[in-house]
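In what follows, a single structure is set out as structure tokens and then discussed.
The values are calculated or read from the model by the stated rules, or taken from the named source; none is laboratory data. As the structure is a computational prediction, the values presented were derived from the model and not from experiment. Cβ placement follows ideal geometry from the backbone for every residue including glycine, while neighbour counts extend to all protein chains displayed. The accessibility values were calculated without ligands, DNA or RNA, using every heavy atom of the protein model including side chains. Shrake-Rupley method; radii C 1.70, N 1.55, O 1.52, S 1.80 Å.
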Amino acid sequence: MSFEKVFVTVGTTQFDKLVSTILNGETLKVLKQKQCRQLAIQIGRGEFEPKIDDDQISLTFFRLKDSIENDIEDADLVISHAGAGTCLDVLEKKKPLITVINDDLMHNHQTELADKLSEDRYCVSCTCSTLADAIQTINPAKLNPFTNNNDQKCASLIEKFIFYEKVS
Amino acid sequence: MFDQLFFTVLYTLLLLLPLYIIASLFAVKRKRHALASAQVKTMIVIGSGGHTSEMLRTVKHLNSQRFTPRFYIMADSDTSSLCKIVETETALKGSHRIWRIPRSRKVHQSYISSVFTTLYSFLYSIPIVIWNRPDVILCNGPGTCVPICVIGFLTKIFLFCNVRIIFIESICRVKSLSLTGKILIWFADLVIVQWPELKRLYKNTVYIDEVKL
């Protein structure tokens, strides 16, 4: 499995540790093995601005955008912070996803969904120290396809409750 | 985290508990009848950010001919939600109206002054709910939707309105209800959760997969 275009996103907060982990020797080596040519990083409010000195991988980065939909759409692999919104967006676009838990932030309910999604094998979850290994071993074919039609189910449930006074 | 906790305690002690006692005295849990009418007036409480998107995605799937007219309640400072509502309603082509209420707490506002602004937005919302007499109130958080639901609950007791309050818990909550959910479970007629783990923990909720499409 090769990932030519990899997109990394940290959301609206800062997660410098993830950005610097992506660029360390070990991770870059694995990315090259996976034939990565383009690396795009959304760094949010981070202080660390990524730089790369490599003829194989070209790097672009930006802080925030109104919508990162196109960046997700373009990517062959998305590496994301464990924010709920981003995880759902990526999975709905059927892109392989690695969520990186920020172990400096504990007890954050934002990660509840990411934990659940990796537990149910919709994506792979790791920490910064195991990221290289996760990129090495992720096999998109072995992940469960994610379908989210909860909005539809929810609307249907409301209709039944209002007009028929029952929910099942 | 602390300010959320502060507000929960504030609401619970000052408003909710005494009201709940009054409600039980009035035996509000009388038998409800299914709404026979073909159309229901729907009040949709818009939160902010992710809450707004989640709510509007559900609204898009509602039968817009039956859930009509639609009244949207939102904070007056939230321009991005306004755009999203307009976008949704353009697709639905239905009759709707947007009510903007003062925000109960601005970022970095002190706790003391926020007591007054919360009270102000609560009082401001009363005529909107009473005037519109919704048949359904839909909300999904955050805490700003609590006053509207409490007012809706009060109109049931004192004005004998047949309003159904529905709270939809976010898909992000897997292990526990949000603070808003924990409060509204006592006031809402239906609390919808999106993961079976939550249903197991809170018996009064309805899990989304219990319904067949």
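Overview of values
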quantity	calculated
Region A:1-102 - percent relative contact order, Cα under 8 Å, separation 6 or more	32 percent
Sum of side-chain charges, A:Gln14 neighbourhood, beta-carbon under 14 Å (Lys, Arg +1; Asp, Glu -1)	-1
Derived scalar couplings ³J(HN,Hα) [region B:195-203; Karplus, 6.51 cos²θ - 1.76 cosθ + 1.60; whole Hz; x for Gly, Pro]	9, x, 4, 5, 4, 5, 7, 10, 5
Per-residue ³J(HN,Hα) for region B:149-160, Karplus 6.51 cos²θ - 1.76 cosθ + 1.60, θ = phi - 60°, Hz, x for Gly and Pro	5, 5, 4, x, 4, 5, 5, 5, 6, 8, 10, 6
In Å², nearest 10: area of B:Val191 left accessible to a 1.4 Å probe	0 Å²
Neighbouring partner chain Cβ atoms per residue of B:171-181, average, 10 Å criterion	4
Net charge, A:Arg45 excluded, C-beta distance under 13 Å - Lys, Arg +1, Asp, Glu -1	-2
Placed amide H near B:Leu62: partners under 5 Å, 5+ positions off or other chain	none
Region A:1-106: chymotrypsin sites (Phe, Trp or Tyr not before Pro) in DSSP loop, at most 15 other beta carbons within 10 Å	A:Phe48
Residue of A:Ser129, A:Ser118, A:Ser80 that the Gaussian network model of chain A assigns the largest fluctuation, springs spanning Cα pairs under 10 Å	A:Ser129
Cα-only radius of gyration and Dmax that characterise the protein assembly as shown, units Å	22.9, 76
Extreme residue, positive dipole direction of the protein assembly as shown, given options B:Trp186, B:Ile208, A:Gly25 (C-beta unit charges)	B:Trp186
Proximal charge balance of A:Leu143 [Cβ under 12 Å; K/R count +1, D/E count -1]	+3
Chains A and B, summed buried accessible surface - 1.4 Å probe, Å², nearest 100	3300 Å²
Gap separating the Cα centres of region A:87-145 and region A:7-70, nearest whole Å	17 Å
Normalised alpha carbon radius of gyration of region B:70-198 [divisor 2.2 N^0.38 Å]	1.10
Inter-chain Cβ neighbour average for residues B:56-68, partner chain, 10 Å	4
Residue-normalised accessible area of region B:120-207, expressed per residue, 1.4 Å probe, Å²	36 Å²
In order through region A:156-164: 3J(HN,Hα) via Karplus (6.51 cos²θ - 1.76 cosθ + 1.60), integer Hz, x for Gly, Pro	5, 5, 5, 4, 4, 5, 6, 9, 10
Mean projection area, nm², convex hull over Cα of region A:27-113	6.4 nm²
List B:Leu190, B:Leu14, ordered by accessible area with a 1.4 Å probe, largest first	B:Leu14, B:Leu190
Of all accessible heavy-atom area on the protein assembly as shown, the percent that carbon and sulfur account for (1.4 Å)	56 percent
Interchain or long-range residues, amide H under 5 Å from B:Ile44's placed H	B:Phe71, B:Tyr72, B:Ile73, B:Leu138
Amide H partners (placed H, <5 Å) of B:Ile165, local residues excluded	B:Ile137, B:Asp189, B:Leu190
Solvent-free Debye scattering, log10 I(q)/I(0), computed from the Cα coordinates of chain A at q = 0.08, 0.20, 0.21 Å⁻¹	-0.26, -1.36, -1.50
